[in-house]
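Reading through the C-alpha cells given below for one structure.
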Amino acid sequence: MSDRAWAATRKGLFELRRQSSGWSIANVGFLGEPVSAVLPPTASGRMLAALNLGHFGVKVHASDDGGATWQEVATPAYPAQPAQASGPAWTLVQVWSLAAQGDTVWAGTLPGGLFRSDDRGASWQLDEALWHQPGRAEWFGGGYDVPGIHSIEPHPARPGEMIVAVSCGGVWATRDGGATWAPKCKGLRAAYMPPEQAENPNVQDPHRVVRCPSAPESLWMQHHNGIWRSTDGAETWQEVTFAPLSSFGFAVAVHPADPQTAWFVPGVADQQRVPVDGALAVNRTCDGGRSFETLRAGLPQSACYDLVYRHGLAVAPDGRQLLMGSTTGSLWASGNGGDTWSTVSNHLPPVHAVRFG
Amino acid sequence: MARIEFTPQLRRFTETPVVETGAATLREALEAAFAQNPRLRGYVLDDQAHLRANVVVFIDGRRSTDRVALADPLGPGSRVHVMQALSGG
C-alpha cells in the first residue's frame, strides 16, 4: 500500500494518509508513549506496535482493525540468566525492529536477541542459536549501551533463509530457520577498531541493511564507516567509495523493483551527526552505486540539523513514494522517487521509524 | 494483613488491584497481586524477576533496598506502595 504509512515516534504512533493534496496525519495512537517499532498489517491484517515505557518496560500491542483499536499481547522475554553469563544483562531493553513474512513475525531487540512469533504475537521464542553463538561475546553497543538487532530481512522466496544485522555485531545469516547462523561480513571494515580488529565480523557496525524484494540477493548497507553493497546474498560486500557530501549516515532504502536504485541520507561524520552545511540532502543511486544524484528540492537548505535515524527512511512498494522522518520531529514526503519533497510536519515528536502499509 | 497498592499511573495500562495479604516479604506480596492480575508482573519486574530500574517500592514509607531478591520483610500492618521513579522527559 502506497497511500497509508505509519510513523513510530517518541510520543505516539501516527497514522499517515495520502490524498490528492499530499500526506497528512490521520490518527494518533499511544499518545505520549514511546513507540520504538511498528509492523504494518501482515497477511492476516494483524499489526503490531512495540512500546518502550519509560518506567514499566517494553510492551507489545496488536491491532486487527488497522490501528483503530489495540490490545496488549505477549512481550518477548529473555530466559533466566545463568550466574556465570558475561556481557549485558538478559533483560529486554527495547524492540528495535519488527518484520514479517506471511504471519510469522520477528522482533529484533536490544540487548541482541532475535525473537519469533508464529501466533501473531501471542507468544515469542528467542532464537537460541543466535543468542548462544560464541561471537556474541564480542558484540557491543552501537547507538545504545547494549547491542541490538535493527535489520531483519527474510528471503522473500526461500522460507527459512534470513539475514539480520546488529549494531555492533555484524551481519548474520541463517538458511535453516534460525537453527544455525553464520557471519556475513566479508569485505566490511571497521575504522573505529584497532587495525588487527578492523575486519572482525563481530565488531562491524552495519547501521542498516535492506534487501531488494524483487532481487533478494541484492542488499544495501549503510555502515558506520561507509556504504556497502552485496549482489550475492551477503556472501561478499563491496564498498561504494564515492558518495557526494559524505558516506556517513544511518538510513538506507532500496527500490522494491530495481536493485540498482537506493537512497541514503548523509550526515557530516560520526563525530558530527548533522546534515552537511546545515542543508538536508538525500543521495540516490540508480546504477548500483557507480554514481549518485544529490536531491535537495523541498528539503531545508539552511540551519537544518535534522538527523534521519536507521528506520527513518522508507520507500513504498511503488518505488515512487518516499517518507523520511527525523529525530527532531520533521517528516517529509516525496512522490517521485526523491526528486522533490514536501513537508508533512515539522512538529512531530522524534521519529523512530516510518513504514508504508 | 499487609496492604499493597500500585501507582495510579499504571491504570492506563492494566488493572491495579489493592491487595491485602499475609505475605512476610515484598516478593510474596507482589506475587499475591500478580495472582490477581498476571499482566501486572511485567510492568513491575524485568525478565530476571528483578524490580524494574525505574520502579521504586516503599514499605511503611521507606524505600526498599533489595531490588533483586525482593526479600524486604513485611509486618502484619505494613503498607506497600509500588511507584514509578521519576525520570525521563
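The values are calculated or read from the model by the stated rules, or taken from the named source; none is laboratory data. Predicted, not measured: the structure shown is a model, and the values here were computed from it. When we count neighbours, we look across all protein chains shown, and the Cβ atoms used for this are built from the backbone with ideal geometry, even at glycine.
If only one of A:Val38, A:Val58 is within 14 Å of chain B (Cβ to nearest Cβ) and out of contact with any Asp or Glu (no Cβ under 9 Å at 6 or more places or on another chain), which one is it?
A:Val58
Report whether or not A:Thr75 is within 19 Å of the chain's Cα centre (by Cα) and either within 11 Å of chain B (Cβ to nearest Cβ) or free of Cβ contacts under 8 Å to residues at least 60 places away in the same chain (or both).
When the stated conditions are applied, A:Thr75 does not pass them.
Would you tally the residues in region B:39-54 being at the interface with chain A (Cβ under 8 Å from one of its Cβ atoms), touching a residue at least 24 places away in the same chain (Cβ under 8 Å) and in contact with a helix residue (DSSP H, G or I) (Cβ under 8 Å, 6 or more places away or on another chain)?
Matching residues across region B:39-54 total 2.
Please work out if A:Asp270 is within 23 Å of A:Met221 (Cβ to Cβ), touching a Phe, Trp or Tyr at 6+ places or on another chain (Cβ under 8 Å) and surrounded by fewer than 19 Cβ atoms within 10 Å (Cβ to Cβ).
Here the answer is yes, as A:Asp270 does meet what is asked.
Any residue in region A:285-309 that's closer than 21 Å to A:Arg211 by Cα: show its pairings with residues that are at pLDDT below 95 and part of a loop (DSSP other than H, G, I, E, B) at Cβ separation under 8 Å, as long as the two are six or more apart or on different chains.
A:Phe292/A:Phe242
Pull up region A:46-56, narrow it to residues that are in a strand (DSSP E or B) and small (Gly, Ala, Ser), then point me to the one that is surrounded by the most Cβ atoms within 10 Å (Cβ to Cβ).
The extreme case among them is A:Ala50.
For the subset of region B:55-72 comprising residues that are more than 14 Å from every other protein chain (Cβ to nearest Cβ) and under 11 Å from the mean Cα position of the chain (by Cα), which member is nearest to A:Leu92 (Cα to Cα)?
Restricting to residues being more than 14 Å from every other protein chain (Cβ to nearest Cβ) and under 11 Å from the mean Cα position of the chain (by Cα), the top hit is B:Leu70.
Can you tell me how many residues in region A:7-45 are outside any strand (DSSP E or B) and at positive phi?
Residues that pass the stated criteria total 3.
Where residues in region B:73-89 are within 14 Å of chain A (Cβ to nearest Cβ), part of a loop (DSSP other than H, G, I, E, B) and among the aliphatic types (A, V, I, L, M), which of them is nearest to A:Lys11 (Cα to Cα)?
B:Leu86
Select from region A:97-128 the residues that are on the phi > 0 side of the Ramachandran plot and in contact with an Asp or Glu (Cβ under 7 Å, 6 or more places away or on another chain) and list them in ascending order.
Within region A:97-128, A:Arg120 is the sole residue that qualifies.
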